[in-house]
Amino acid sequence: MNPESKDNPVVYQSVVLKDVAPYQYMKVCLVLEDKFTKLSAVELKQFIITGLKSLHGDVGAALHFDVLKYDTDTLTAFLRVSKSGLVKLWSSLTLLGFYNDQSCAFRVLQVSPFLLSLTGNSRELELD
């Protein structure tokens, strides 16, 4: 018996899942006034926690985020934060302006709910 007969029509259902990813991933770059200043991954995380505390108080300082990868040469980091904490983290990064009495700025390069999508940038793609 054919399941697609006239007695049993096939019914297709569209399923859309929204906000299924529990985390957001950020690719950020720290730009310092002195190009020769280098931070370790621990110093970077502590600097971000300081920014969270100054903007959002103790609640902000308690926000859980992870530094997944950090390049000390380019000062570029991959951060993971819960989707509910993304706005707090992003706003505190935006407002951090000084590190050890020198001007600095965080550049948010990419944000995605999928870590794999941060590995490439279509704007920098060069086709052969």
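Within the range 113-128, restricting attention to residues that are polar (S, T, N, Q) and at pLDDT below 75, which residue is most open to solvent (accessible area, probe 1.4 Å)?
If we take residues in the range 113-128 being polar (S, T, N, Q) and at pLDDT below 75, then 122 is most open to solvent (accessible area, probe 1.4 Å).
Given the conditions (1) in contact with a Phe, Trp or Tyr (Cβ under 7 Å, 6 or more places away or on another chain); (2) within 14 Å of residue 29 (Cα to Cα); (3) hydrophobic (A, V, I, L, M, F, W, C), report the number of the one that residue 67 does not fulfil.
(1)
Given the criterion touching a residue at least 24 places away in the same chain (Cβ under 8 Å) and either over 19 Å from residue 102 (Cα atoms) or among the charged types (D, E, K, R) (or both), identify the matching residue among 27, 35. Steps first, answer last, please.
Numbers: 35 fails: touching a residue at least 24 places away in the same chain (Cβ under 8 Å).
Going through 27, 35 in turn, the sole match is 27.
Could you tell me whether residue 45 is at pLDDT below 95 and of a type outside the set (A, V, I, L, M)?
No.
Give all pairs with beta carbons closer than 8 Å in which a residue from the range 99-128 that is over 26 Å from residue 20 (Cβ atoms) meets a residue that is open to solvent by less than 100 Å² (accessible area, probe 1.4 Å) and of a type in the set (Ser, Thr, Tyr); count only pairs at least 6 apart in sequence or on separate chains.
Between residues of the range 99-128 that are over 26 Å from residue 20 (Cβ atoms) and residues that are open to solvent by less than 100 Å² (accessible area, probe 1.4 Å) and of a type in the set (Ser, Thr, Tyr), the close pairs are 99/37; 100/37; 102/37; 106/94.
The values are calculated or read from the model by the stated rules, or taken from the named source; none is laboratory data. A quick note: this is a predicted structure, and the numbers were derived from the prediction, not measured. We place every Cβ from the backbone using ideal geometry, glycine too, and count neighbours over all the protein chains shown. Keep in mind that these areas ignore ligands, DNA and RNA; they rest on the heavy atoms of the full protein, side chains included. Shrake-Rupley method; radii C 1.70, N 1.55, O 1.52, S 1.80 Å.
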